[in-house]
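Below is one structure, written out as structure tokens, with a few remarks after it.
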Amino acid sequence: MSLIKDSRLKKIIKNTGFVTVLTGSGISAESGIHTFRGDNGLWSKFSPDELASFEGFYKNPARVMEWYEYRRNVILKAKPNPGHFAIAEIEKYVQNFYLITQNIDRLHQKAGSRNVIELHGNIMENYCIKCGKMFSLEEFEKIYNESSDRIPKCECKGLIRPNVVWFGEQLPEDAVEKAYYASVNCDLFIIVGTSGAVRPASDFPRYAKYNGAYIIEVNPCRSFLTDFVDLWFEGKAGEILPEFVEEFKNLKGING
Ligand code: OAD
């Protein structure tokens, strides 16, 4: 049974040279990484005020760094799943392709995606809050493992923190600008595995829609965005997306 039945969508896929994808933690769920909301979500067990805010970090840096070290270890063991690979494949078949992700796990890059816009930073890098020096994972792990109080510090004595965006913080300006460009210029916008609870990420599909793009959502559950999309594929990314890509390729006349 085919997924793509809508004749408007078929026509768009045949002709488009511009596709944008927005992902959230749901794309990595099948790789064994927790989502944030819902019964099993991280925010049901942990407090975002304590662990994902600058105030929480300043109050207890050792606790926050320990939590990110735990999450980093889970992520480093995880492998991209068929959903990540399917998205990486779409990139090969259109001239303009942007992948906007809220995820910090870098699994898209591991799957081969190239034009990735990281809205919320990434967990592999860390930086000094005083002088801004950026530390690679290797450099950071050395400092972290050698720190007796588990509070890693820069040579300038500033605290080192993960290069992720916390609640109340600004998103990287260049990422937001690129994501805006990708949203208002695409013909097809695919939302995968996000509840749409966090702005500005959840604004991008709206910008796309207002500018005439066709909006698809892939999610096993309804999200805050489901009511306004053109087509909702109710299912897991790792199951829907590989099938979608096969049909996408057929419509574009790509064989093999
Ligand atoms: P949420 O936990 O809010 O939503 C995850 C979504 O993924 C839900 O809608 C699930 O139904 C869906 N989902 C679960 N399994 C799936 C699967 N196999 N395939 C497809 N979808 C699936 O996570 P996000 O929307 O990513 O921000 O959360 C957005 C932001 O809120 C995160 O980037 C993080 C968090 O607080 C920061 O830390 C700044």
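One table, with the values for the structure above:
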quantity	calculated
The one condition in (1) farther than 21 Å from VAL116 by Cα; (2) at pLDDT 95 or above; (3) of a type in the set (S, T, N, Q) that SER183 fails to fulfil	(1)
Given (1) more than 11 Å from the ligand (Cβ to nearest atom); (2) of a type in the set (A, V, I, L, M, F, W, C); (3) under 21 Å from the mean Cα position of the chain (by Cα), index of the condition LEU9 fails	(3)
ALA175 in contact with a helix residue (DSSP H, G or I) (Cβ under 6 Å, 6 or more places away or on another chain), within 16 Å of the ligand (Cβ to nearest atom), over 21 Å from ARG37 (Cβ atoms) and in a helix (DSSP H, G or I)	no
Spans of helices (runs of 4 or more DSSP H) in the stretch 1-68 with at least 2 residues modelled with pLDDT of 95 or more and out of contact with any helix residue (DSSP H, G or I) (no Cβ under 7 Å at 6 or more places or on another chain)	7-15, 54-59
Any hit, the stretch 237-248, residues being assigned to a loop (DSSP other than H, G, I, E, B) and surrounded by fewer than 20 Cβ atoms within 10 Å (Cβ to Cβ)	no
Test result for GLU169, surrounded by fewer than 17 Cβ atoms within 10 Å (Cβ to Cβ) and either among the β-branched types (Val, Ile, Thr) or part of a loop (DSSP other than H, G, I, E, B) (or both)	yes
Counted residues, the stretch 186-198 - those being within 13 Å of the chain's Cα centre (by Cα), assigned to a loop (DSSP other than H, G, I, E, B) and farther than 13 Å from CYS221 by Cα	1
Residues located in the stretch 179-223, provided they are within 16 Å of the ligand (Cβ to nearest atom), in contact with a helix residue (DSSP H, G or I) (Cβ under 6 Å, 6 or more places away or on another chain) and within 26 Å of GLY168 (Cα to Cα)	ALA179, ILE191, VAL192, GLY193, GLY196, PHE204
Selected residue (only one of ILE90, ILE75 is closer than 23 Å to GLY238 by Cβ, in contact with an Asp or Glu (Cβ under 7 Å, 6 or more places away or on another chain), away from the ligand (no atom under 11 Å from the Cβ) and assigned to a helix (DSSP H, G or I))	ILE75
In the stretch 114-151, residue farthest from the ligand (Cβ to nearest atom) [restricted to those that are within 17 Å of ASN73 (Cα to Cα) and among the basic types (Lys, Arg)]	LYS142
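For every residue, the table says whether it meets (1) within 9 Å of the ligand (Cβ to nearest atom); (2) on the phi < 0 side of the Ramachandran plot; (3) surrounded by 14 or more Cβ atoms within 10 Å (Cβ to Cβ); (4) over 16 Å from the mean Cα position of the chain (by Cα).
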position	(1), (2), (3), (4)
THR20	no, yes, yes, no
GLY26	yes, yes, yes, no
GLU50	no, yes, yes, yes
SER53	no, yes, yes, yes
GLY56	no, yes, yes, yes
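The values are calculated or read from the model by the stated rules, or taken from the named source; none is laboratory data. Note that the structure is predicted; figures quoted are calculated from it, not measured. Here the Cβ is made from the backbone with ideal geometry for all residues, glycine too, and neighbour counts use every protein chain on show.
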